[in-house]
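This report concerns only the one structure given below.
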Amino acid sequence: MERPEVMNWKPTASIEVLRRRAQMLADVRRFFADRDVLEIETPTLSSAANTDPVLHSLSLTSDDSKKQFYLHTSPEHAMKRLLVAGSGSIFQIARVYRAGERGRFHQPEFSLLEWYRVGFDYHQLMAEVVELLQLLVPELLGPRAALKMTYADVFRRYVGIDVGSAAVADLASALASHDIQFVADELDHRVLVDLLFSHVVQPQLGRDDITLVYDYPVDQASLAFVRAGSEPVAERFEVFVDGVELGNGYRELTDAIEQRHRFETDNQRRLLQGLPAMPIDEAFLAALRHGLPECSGVALGLDRLMMLLVGVDDITQVISFPID
Amino acid sequence: MATYSTNEFKGGLKIMLDGDPCSIIENEFVKPGKGQAFNRVKIRNLKTGRVIERTFKSNESVEGADVIELDMEYLYSDGEFWHFMEPKTFEQFAASEAALGEAKQWLKEQNTCTVTLWNNDPILVEPPNFVFLAVADTDPGVRGDTSGGGGKPATLETGAVVRVPLFIDIGEVLKVDTRSGEYVGRSKD
C-alpha cells in the first residue's frame, strides 16, 4: 500500500472520454426506444450463480448471516424471467462481475449491453447487432460490411483443419505449426480448440469488416438452442472487430429439462477441475418450465465498444476507475 | 519454493521454465468469450538471454525461480568477466558477458547495479535507471544553440552512443536514462 498522500486518485479515462461514454449510452437508449425495446433493470446480487466452469463468480457474505450471495456474471437469467412474464423485447445496460479476468481487454467489473428480441431468429439478431455497431462507432464501422462465417469455416480458413472431426493429436500439430508453445501437463480437446481460436483465429477476425462467427460446436452451446441434424450445431454467434470479441448471442434454449441437464453437467465438470459446484438458478428453471417465448438474445461489451470509438488499446482508458 | 498463479503474472516476475530461471517481460490475458482463459507471456530465459513466448491455462501455478536481487558495486572488467562487490559483505561476484547483455555499455566503475543471483551465480545485471557519463567524442558543440532542435551522436566514456543536443561538447558529463538509452540532461555539477 502506498502512502495516502501519494495514492493516485485520478481517473484513468479523461473527462472527454467520459463525455463520449455518456453520449454512447444515450445513443443506445435512442436506438432501442426507436424499436420499442423496453429498458429494464435486474439485480446484480443473486443466491444462485453461473455454473459455467470457465466463468468465476464473485461471492459475498454479510457480517450477520452465513448466507452466501453471488454477483451476477450476466443478467441473462433474470431477463429471461421477465420475458416469460410477458415483457416483450427488452434491453439492459448492466454492470457485471467476473473474477480473475484482467488484462488489456478485461476488468473483473465491466458493463454489458444485453438485449432480447422476441420472435427474432439469430440471423435477424446478427443484422441488428451490425446496425447498432455502425450507429455507435460510425467512423470506424460505418463503412464496414458484415462478414458471416460459421465456426467450422473460420477453422478451415485460418487453421486449416476440420474442427468437427479433429482429434487431440491434430489440434496439437496445428498448434505446433502455428508456433504456439503451450505449457500443460495434459492436452484437453476443448482447451486446445479454445487455444487455437484465441491465438490463431481470433486475431484474423474483423480486420476490414464486422465478422460474425456462428453455429458453434455443441460442447460450446452454453445457453443456446442446439439445431439437430447430421452435424448438430449450437445456434450461437459472436461478433469481432479488429481481432477483438465484442459480443455473444444465442437463439435461446427454451427447454427447461435440457437447461437443467447443462447446468448439472457444468457442475460435474467444475468438480472434476477442483472448482466448487455453483447453486443452480431454480427460479430461472421454473420460468423456463412455464414457457420462454421463442427469442434471440445478445450481450455486447460496452467498454470494448468505447475502446473502438476513442481508439485506445487498454480498457482502463475508457472507465473512470479500474480495480487496483 | 514459492509458486505463482498466472493471476500474479506481471513484468519482472521470476519463474522456472524448463529448468531455467526466467523473467516475465509481458503478460497478456486472452479469453474466448465462453471459453478457457489463457495467459500468453513473453519470457526471457535468464541463463541464455533468449526471449520466448509461452501460453499457460489461467489459474495454473508455476514454480518461482529462487533468485535474489542485490545492489552491488561494479569494480572492473578483465575482458572476460565483469566483477561486482556486495557492499555489506564485501563478497565479490564475476558476471559473464551473457549476464550483462545491454547493461555493458552503461557500466562505470563504482556504479551501483542490480545483480540477480541464481544458485549464487550472477545471471542478470541491470544498470541504474540513470547514469552520469562523460562525453568521450562528438562533433564540436554549436555555441548558443540551445533550441534542442536536431541533434548529433555522442560517444560516452563507456562506449555507449547516445543522441545529444548540438551544444554538447567533449568532456561534459551527461545524465542518461539507461532504459531508453536517451539523453536526459547535463550533469548539474
Looking at the square roots a ≥ b ≥ c of the eigenvalues of the Cα gyration tensor of region A:1-106, which shape do they give, rounded for a/c under 1.5, prolate if a/b is larger than b/c, or oblate? oblate
Heavy-atom accessible area, 1.4 Å probe, ligands and nucleic acids excluded: residues of region A:182-201 down by at least 30 Å² from chain alone: A:F182, A:V183, A:V191, A:D194, A:S198, A:H199
Taking N as the number of residues in region B:29-146, what is its alpha-carbon radius of gyration divided by 2.2 N^0.38 Å? 1.48
Placing unit charges on C-beta atoms (Lys and Arg positive, Asp and Glu negative, everything else neutral), compute the dipole magnitude of chain B about its Cα centre in debye, rounded to 20. 940 debye
Determine the principal axes of the Cα atoms in the protein assembly as shown, then give the extent along each, sorted from largest to smallest and rounded to whole angstroms. 85, 57, 52
So if I take the centroid of the Cα atoms in region A:54-88 and the same for region A:182-237, what is the distance between those two points in Å? 26 Å
Rounded, prolate or oblate: which fits region A:261-324, taking a ≥ b ≥ c as square roots of the Cα gyration tensor eigenvalues, rounded meaning a/c under 1.5, else prolate when a/b beats b/c? oblate
With only helices counted (DSSP H, runs n ≥ 4, each -39500 (n - 2.57)), the per-residue ellipticity at 222 nm for chain B, to the nearest 500, works out to -500 deg cm²/dmol
Quote the relative contact order of chain B in percent (integer), defining contacts as alpha-carbon pairs under 8 Å separated by 6+ residues. 14 percent
If the cut-off is 29 Å between C-alpha atoms, which lysines fall inside it for B:K188, apart from same-chain ones fewer than 8 positions away? B:K104, B:K108, B:K152, B:K175
Given a 10 angstrom Cα cut-off, can you work out which residue in A:V191, A:V37, A:V129 is the most mobile in a GNM of chain A? A:V191
With the charge dipole of chain A built from beta-carbon charges (+1 for Lys and Arg, -1 for Asp and Glu) about the Cα centre, the Cα from A:Y250, A:L112, A:H123 projecting farthest to the positive end belongs to A:L112
Ratio Rg/Rh [Cα only; Rh per Kirkwood] for region A:157-201: 0.90
Find which of A:V298, A:V239, A:T316 sits farthest along the positive direction of the dipole of region A:191-324, computed with +1 on the beta-carbon of Lys and Arg, -1 on that of Asp and Glu, about the Cα centre. A:V298
Using a Cα-Cα cut-off of under 15 Å, which aspartates and glutamates could be cross-linked to B:K57, ignoring same-chain neighbours fewer than 8 residues away? A:E101, A:D185, A:E186, A:D188, A:D194, B:E8, B:E28
In whole Hz, with x marking every Gly and Pro, tabulate ³J(HN,Hα) for region A:297-305 from phi via Karplus 6.51 cos²θ - 1.76 cosθ + 1.60, θ = phi - 60°. x, 8, 10, 10, x, 5, 5, 5, 4
Region B:20-82, relative contact order [Cα under 8 Å, separation at least 6], %: 26 percent
Area buried, chain B against chain A - accessible surface, total, 1.4 angstrom probe, square angstrom: 2100 Å²
Counting heavy atoms of the protein chains only and a 1.4 Å probe, report the per residue accessible area for region A:1-139 as a whole number of Å². 53 Å²
Determine the dipole magnitude for region A:116-254: charges of +1 sit on the beta-carbon of Lys and Arg, -1 on that of Asp and Glu, nothing else is charged, the reference point is the Cα centre, and the result goes in debye to the nearest 20. 320 debye
Residues of region A:82-106 losing 40 Å² or more of accessible area relative to the isolated chain, 1.4 Å probe, heavy atoms only? A:H106
With θ set to phi - 60°, apply the Karplus curve 6.51 cos²θ - 1.76 cosθ + 1.60 along region A:20-31 and write out the HN-Hα couplings as whole Hz, x wherever there is a Gly or Pro. 5, 5, 4, 5, 4, 4, 5, 5, 4, 5, 5, 4
Tell me, what HN-Hα J-couplings in whole Hz come from the Karplus equation 6.51 cos²θ - 1.76 cosθ + 1.60 at θ = phi - 60° for each residue of region A:46-62, using x for Gly and Pro? 8, 8, 9, 8, 5, 8, 3, x, 8, 10, 10, 7, 7, 10, 9, 10, 9
Once you mark the GluC sites (Glu not before Pro) that are in a DSSP loop and have at most 14 other Cβ atoms within 10 Å, what is the longest gap between them in chain A? A:42-185
Could you give the dipole magnitude of chain A about its Cα centre, charging the beta-carbon of Lys and Arg +1 and that of Asp and Glu -1, in debye to the nearest 20? 520 debye
Cα gyration tensor of region B:36-85, axes a ≥ b ≥ c as square roots of the eigenvalues: rounded (a/c below 1.5), prolate (a/b > b/c) or oblate? prolate
Positive minus negative residues near B:V51 (Lys, Arg vs Asp, Glu; Cβ under 12 Å): +2
Considering the dipole of region A:1-124 built from charges on the beta carbon (Lys and Arg +1, Asp and Glu -1) around the Cα centre, which of A:G86, A:L25, A:T73 is farthest to its positive end? A:L25
For region B:1-109, state which chymotrypsin sites (Phe, Trp or Tyr not before Pro) are in a DSSP loop and have at most 14 other beta carbons lying within 10 Å of their beta carbon. B:F90
Rounded to the nearest 500, what is chain A's calculated 222 nm mean residue ellipticity when only DSSP H runs of at least 4 contribute -39500 (n - 2.57) each, over all residues? -10500 deg cm²/dmol
Convex hull projection area averaged over all views, region A:51-111, Cα basis, nm²: 6.0 nm²
Counting only protein heavy atoms, what percent of the accessible surface of chain A is carbon or sulfur at a 1.4 Å probe? 52 percent
Relative contact order (%) - region A:1-117, alpha-carbon pairs under 8 angstrom, separation at least six: 22 percent
Given trypsin sites (Lys or Arg not before Pro), DSSP loops and at most 11 other Cβ atoms within 10 Å, the longest exposed-site-free stretch of chain A is A:68-324
Do the alpha carbons of any pairs in A:K67/B:K10; A:K67/B:K34; A:K10/B:K10 sit beyond 32 Å of each other, and which pairs? A:K67/B:K10
Over the whole of B:35-43, what's the average partner chain Cβ count within 10 Å per residue? Rounded to a whole number, please. 6
Which cross-chain or sequence-distant (5 or more) residues have an amide H under 5 Å from the amide H of B:R186, H modelled 1.01 Å from N in plane? B:K175
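The values are calculated or read from the model by the stated rules, or taken from the named source; none is laboratory data. What you see is a predicted model, and the numbers here were worked out from it, not measured in a lab. As a convention, Cβ positions derive from the backbone with ideal geometry for all residues, glycine included, and neighbour counts pool all protein chains shown. Calculation scope for accessible area: heavy atoms of the full protein, side chains included, ligands and nucleic acids excluded. Shrake-Rupley method; radii C 1.70, N 1.55, O 1.52, S 1.80 Å.
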